[in-house]
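The values are calculated or read from the model by the stated rules, or taken from the named source; none is laboratory data. It should be emphasised that the depicted structure is a prediction, and the values quoted were computed from it without experimental measurement. Neighbour counts are summed over all protein chains in view; Cβ atoms, including those assigned to glycine, are modelled from backbone coordinates with ideal geometry.
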């Protein structure tokens, strides 16, 4: 073990080839993550032909680096343009853009960069120290446990939403309805396709997400294009102070100024919150099919639950952004645990990684820790190196990306629209996805006009299919008995946790409503 550990350290840290590959992959990952629609999965998929000519360690180093950098880079359009670059960024898009409108975009991006690096390091440490032990937990999950896990993730979208829980639930129901389009793993008949063969595979969530957040933002800005009172916010150079944007101060209500002052005085993160979010991200990331997006939503919900300033969430909480960014980066390392130990992909990226390993005649499984010990230890060190490289590369990306907020809206809006069209078209190389994106943009525009949040819609589209599949499988295998959802110990724990989340949320919101009614009557 000691010899393998030493050889791995020398191979990673003293190899000019790996350093060069890591740096180039970081730049490539940042670009792919920053452009809406060009996801980390797409970056890895496009890289697979190149990996054929590389040794296993450099190939895995490139994958780890580009994914880590792409996940952070997804925060750049999230913060500056209100277009989530990755699904995980959708969890805190409202908080990030609210701070951007106050002129604090640079502070948000620096915080997200730091927390992404710290989360990635926490995930790497857990991968190194708890690999086999954490992987055993995933073997305890059957279909019914995954049902509760997905339902808990959907519930978190309502828990963290601001305003009416009913409106958040409506948004979630719309997302779940959209997820039923096409064929599913448990149905033989296509649903809601209206004769369009492109819909047999369902609505792709990436064009939907681009439309809901990107095109709807373009529509909203077009309504006030000639209004000088709502010009594009300027980047704030003093990242430790409250925004000095005079225009925002003159137009924002007093409550918004108070929220900005509270947010500026709130610490970004603490060691306890950093460890909590990192552990949550790694634990959720190691569950096959969960991924960084669920980790971000769950971490955001937990962050709000224990926060001293829960009123900031959804209105510009840097605390919530930090916790969610930490969790989604930590989840990346967690996703490698089932992939290495059992050959079960934790997410779409590790599914591609398994293919790369098989292409190199390396069989994922428990034997990989003995037969390919040097490769596994090299992977551990690569996670550390990739997150350290992310600091300077991410800082440079923030400097370049910050120029976006200085561009006039009459120039910026066509550019945003172009990126949205290119991102949607690049998914399948067809114009149908562009049409889906535009339709979702119209839907998102009208939903927000009615005060319905868009985050639950996106999460419903992503998790609706797996949730339905697990539900039907559980019902069919138990002859329709609903007690089966609580028949296993782990399922019972997750079920009670989910139901408790609903009950507590309903009770707290009802109590707040009664207090506000009494104070208003007084």
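Which one of these is over 18 Å from residue 48 (Cβ atoms) and either modelled with pLDDT under 80 or not in a helix (DSSP H, G or I) (or both): 337, 354?
Matching residue, one of 337, 354: 337.
Would you confirm whether or not region 145-157 contains a residue that is modelled with pLDDT under 75 and surrounded by fewer than 14 Cβ atoms within 10 Å (Cβ to Cβ)?
No, because not a single residue in region 145-157 is modelled with pLDDT under 75 and surrounded by fewer than 14 Cβ atoms within 10 Å (Cβ to Cβ).
So that you can scan it fast, the table gives a plain yes or no per residue for (1) at pLDDT below 85; (2) farther than 20 Å from residue 84 by Cβ; (3) in contact with a helix residue (DSSP H, G or I) (Cβ under 7 Å, 6 or more places away or on another chain); (4) buried (at least 21 other Cβ atoms within 10 Å of the Cβ):
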{"residue": "341", "(1), (2), (3), (4)": "yes, yes, yes, yes"}
{"residue": "370", "(1), (2), (3), (4)": "yes, yes, no, no"}
{"residue": "374", "(1), (2), (3), (4)": "yes, yes, yes, no"}
{"residue": "381", "(1), (2), (3), (4)": "no, yes, yes, yes"}
{"residue": "392", "(1), (2), (3), (4)": "no, yes, no, no"}
{"residue": "401", "(1), (2), (3), (4)": "yes, no, yes, yes"}
{"residue": "408", "(1), (2), (3), (4)": "yes, yes, no, no"}
{"residue": "420", "(1), (2), (3), (4)": "yes, no, yes, yes"}
{"residue": "440", "(1), (2), (3), (4)": "no, no, yes, yes"}
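Can you name every residue in region 56-83 that is outside any helix (DSSP H, G or I) and surrounded by fewer than 24 Cβ atoms within 10 Å (Cβ to Cβ)?
82
What's the number of the only condition in (1) more than 23 Å from the chain's Cα centre (by Cα); (2) closer than 25 Å to residue 304 by Cα; (3) exposed (fewer than 14 other Cβ atoms within 10 Å of the Cβ) that residue 492 fails to meet?
Every listed condition holds for residue 492 apart from (3).
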